[in-house]
Amino acid sequence: MDSFLTSRIVTDILNGLTNGAIYGLVALSLVLVWRATRVLNFAQGAMPMFATYLGMGLLSYHWPYWVCVGVCLVAAFAIGGVTERVLVRPLYGKPEINPIVVMVGYLIILEAFAAAIWSTTPRSLPAPFSPIDWRLAGQPVGLSPFSLFEVVTALVVMGAIVTLFRFTRLGLQLRASALAPEVSRLLGVRVGRMLTLGWMLSTAVGAVTAILVASNFFTGLTPQLMDGIFAFGFIAAAVGGLDSPVGAVTSGIALGVILQFVGDYLNSNAIILVALVILIVSLMVRPSGLLTRSAARRV
Amino acid sequence: MSAVARHGAVALGAFVVSVALAVSLAPRASDTVAAVVVAVVAAAAGFVGSLPAVRVGHPALARAMLTVVLVDAMVFATTFLSVPTDFNLATGAAMAIALLGLSFLTGASGQISIGNGAFMGVGAFATAIWANHHATTPIVVVLLISVAVGALFGLLLGLPATRLRGPYLAGMTLAFAVAFPAILSSFSSWTGGDSGLQLPNTVTPPHWLVGLFHAGTPTLTTDTLWLTDIIMVATGVAFFFMANLFASRTGRAMRLVRDNDVAAELVGVNLPRTRVIAFVISAAYAALGGALWTLLNNSVSPATYGFALSITILAVIVIGGIGTISGALIGGVVYAYSTSVIAWFVARTGLNPQGNLASQLNGIIFGALLIVTMMFSPLGIAGTIRHLRRRRALARERG
């Protein structure tokens, strides 16, 4: 039995689930913004990165870990809200490449500012739980307290978002503003506020992700922290469908597991290649995502 | 004065000025001869191109003549500039070709790519790999092969584009840009891994030309100059083709796809085909730019073609004017001189040049310009110039 639990396949699945949880969270944050405002946010990695620097920087002033995490989340809420109001709102109704370009500019500027203020040297973050694998009969099982924490966090965040959207009045208003802004406005929903809230939520989900990535991936916190992760997160979101939160997280986790096997049985360079092929094939088969109902395009 | 006489006078004036410049600047008699030849060509082409009958009746011929004048003037200028300046100009000109591809993609089909740095890399490595296996192939053939390889990659990635709309395609090209270094590493026996490739021999001018034009000048100068001139000619050809394409029936169909794809489909434009063609052309142009960079540097390194290059390309073309032809030229100039302008600025303000802020100034300025441009003048510098000229023309009409 323990030979099965420590076997290569089980270890790969467990490691894959951990990575997949991260991809799923990034995908989820992309979906939140996409649903609210029809913008694919290319700064979705950089905004939380900045919030993480702001919050976790307080660790060097001996603030308690969880207080720093709280500051990160508050900073993320603020950054998300201000970004939507200042940068995104003027672009509604413009050609769809305009917000893409603006968000790429925002990505460049955030990474440059982060590097100018905090330098490009990686800054190691303490993990709140041990990142060393549990062992069974002397063999690592591919699961550590920290990676379990990651998976649980991803599931909790996803559950919270789904609960918010499905079962609360606020969630109903959020969905209504995204689907039918005019009607919602007539019915008294503050649509503008809802769109801002969508961006704030998305950046907060991103901040959770960025903290996990910076403490786990042996990279530490760097300005370019989220570039690669963003690509995987986008692939997960596009495969699952940019409109579906559950689809995004599901395909993120599936992608994590598949790519873990690719990295283990082929080589590490093949990971992103296979991810790219998955993206291209799935977009050709179903441009609106594998896990969504297809909808007629609005003309 | 009739229009013909006026254009004739302009051409004659340009001719006299160029000859005078040539005689006063050229250090050797052979250079003077070359300069006079250049001036005659420029004046003649300018005269033919500006004839009203040609401009109205044969717009393609007029564009060809304009291209000849510009390339001719650049070749003439590079003869008198220093080697580093030539190198800088050539770098910017090759970049302008890549920018033109991206500008076309957006201007003609409303799509956007964040992966054109990787397509430049495809062309750059195709050139280096081919040159290492077949050292004797003429440059023109090597360049054409690289363009073809770039187009092939464009086709592979562009196929999903038949069914995709803007954001998805942008995300997919971003994933390609992020994946490109891993692609290079996967085929390290071909691409040389992290250290990249050297070209087996430098591109040198043919002997008869060396004797005719640059007798006795040091090899490095002649080689850089020769490459610069090749790149100027390539840039001219690339811009000429693009100007014609923009004005052609295909170009009009593409602009309709950009402005209203439903209407385009109604009048019989094949949407998927048009989108893929635009994407393939954009990739081919990027590949040509990268191939020319490889020739110019005589080597290629994977570090050049990372994600950063892709977003720099996007930034530069947006600042120059995405969707316009002149915007690509302006973007090329911006790219060629941004580093030295920022260095000058750092020196003026007394920032520590090795400090964090100075080393990130490039990103901060480009990022800010990108946002400001899209917010206030989405057609960039080229669009602003066009707007100002139109307003002046309107004011003149009103008197």
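The values are calculated or read from the model by the stated rules, or taken from the named source; none is laboratory data. Bear in mind that the values here come from a model prediction, so they are computed numbers and not experimental data. Positions of Cβ are generated from backbone atoms using ideal geometry, with glycine treated the same way; all protein chains shown enter the neighbour counts. Remember, those area values only see protein heavy atoms, side chains included, never the ligands or the DNA or RNA. Shrake-Rupley method; radii C 1.70, N 1.55, O 1.52, S 1.80 Å.
Shape call for segment B:95-398 from the C-alpha gyration tensor, a ≥ b ≥ c root eigenvalues: rounded (a/c under 1.5), prolate (a/b greater than b/c) or oblate?
On the way: a/c = 1.43, a/b = 1.23, b/c = 1.16.
It is rounded, given that a/c, with a ≥ b ≥ c, falls under 1.5.
Keeping every protein chain present and rolling a 1.4 Å probe, give me the accessible area per residue for chain A in Å². Show your work: numbers first, answer last.
Details: 12820 Å² over 299 residues.
Roughly 43 Å² per residue, with all protein chains present.
Evaluate Rg over Rh across segment A:1-75, taking Cα atoms for both radii and Kirkwood's formula for Rh. The partial results should precede the final answer.
Details: Rg = 17.6 Å, Rh = 15.1 Å.
Rounded to two decimals, Rg over Rh is 1.17.
Counting only protein heavy atoms and a 1.4 Å probe, tell me what percentage of the protein assembly as shown's accessible area is made up of carbon and sulfur.
Working: 21150 of 30770 Å².
Carbon and sulfur together cover 69 percent of it.
Between residue A:152 and residue B:398, how many nm apart are label points set 7 Å from Cα along the C-beta direction?
Using points 7 Å along Cα→Cβ, the separation is 7.0 nm.
Once phi is turned into θ = phi - 60°, what whole-Hz ³J(HN,Hα) does the Karplus curve with 6.51, -1.76 and 1.60 give for every residue of segment B:346-362, x standing for Gly and Pro?
Per-residue couplings from phi come out as 4, 5, 5, 7, x, 5, 5, x, 8, x, 4, 5, 4, 6, 9, 4, 3 Hz.
Suppose each label sits 7 Å from its Cα in the direction of the beta carbon; what would the residue A:38-residue A:168 distance come out to in nanometres?
Label at residue A:38, label at residue A:168, 2.7 nm between them.
Hey, if we sort A:150, B:265 by accessible area with the 1.4 Å probe, largest down, what's the order? The partial results should precede the final answer.
Numbers: A:150 0, B:265 110 Å².
Putting A:150, B:265 in descending order of accessible area: B:265, A:150.
Starting from a Cα-only point model with no solvent, please compute log10 I(q)/I(0) by Debye for segment A:2-285 at q = 0.10 1/Å.
Summing over Cα pairs of segment A:2-285 leads to -0.53.
State, in square angstrom and to the nearest 100, the accessible area buried between chains A and B, both chains counted, probe radius 1.4 Å. Can you show the working numbers first?
Working: alone 14820 and 19930 Å², together 30770 Å².
Its buried surface, counting both partners, is about 4000 Å².
Shape of segment A:180-219 from its Cα gyration tensor (a ≥ b ≥ c, root eigenvalues): rounded if a/c is under 1.5, otherwise prolate when a/b > b/c, or oblate?
Details: a/c = 7.30, a/b = 5.51, b/c = 1.32.
Prolate.
How many angstrom lie between the Cα centre of segment A:224-243 and the Cα centre of segment A:101-162?
Between the Cα centres of segment A:224-243 and segment A:101-162 lies a distance of 15 Å.
Under 19 Å from a point 7 Å along the Cα-to-Cβ line of residue B:141: which residues of segment B:275-296 have their amide N that close?
Counting backbone N atoms under 19 Å from the label point, the list is B:291-292, B:295.
What Kirkwood radius, in Å to one decimal, follows from the Cα pairs of the protein assembly as shown? Walk me through the intermediate numbers first.
On the way: mean 1/r = 0.0365 Å⁻¹.
About 27.4 Å for the protein assembly as shown.
Under a 5 Å amide H to amide H cut-off, with H placed in plane at 1.01 Å, what residues pair with residue A:221 once short-range neighbours are removed?
For residue A:221, the qualifying residues are A:123, A:124, A:125.
Hey, if we sort B:83, A:33 by accessible area with the 1.4 Å probe, largest down, what's the order? If you can, show how the numbers build up before the last one.
On the way: B:83 45, A:33 0 Å².
Per-residue accessible area, sorted high to low, gives B:83, A:33.
How far is helix A:270-285 tilted, in degrees, relative to the longest principal axis of the Cα atoms in chain A, given as a value from 0 to 90 rounded to the nearest 10?
Taking Cα atoms only, the helix is inclined about 40 degrees.
Does segment A:1-133 come out rounded, prolate or oblate by the C-alpha gyration tensor, with a ≥ b ≥ c the root eigenvalues, rounded set by a/c under 1.5 and, if not, prolate when a/b is larger than b/c and oblate if not? Present the calculation step by step, with values, prior to reporting the outcome.
Details: a/c = 2.48, a/b = 1.44, b/c = 1.72.
Cα axes put segment A:1-133 in the oblate bin.
Any chance you could run the full-extension gain for residue B:259 through residue B:81? It's 0.36 nm times the residue separation minus the Cα-Cα distance, nm to one decimal. It would help to have the intermediate numbers written out before the result.
Values: separation 178, 0.36 × 178 = 64.08 nm, distance 4.34 nm.
So the extension gain works out to 59.7 nm.
How large is the accessible surface per residue of segment B:95-398, computed with a 1.4 Å probe and reported in Å² as a whole number? Mind showing how you got there, number by number?
Numbers: 13020 Å² over 304 residues.
Dividing the accessible area of segment B:95-398 by its residue count gives 43 Å².
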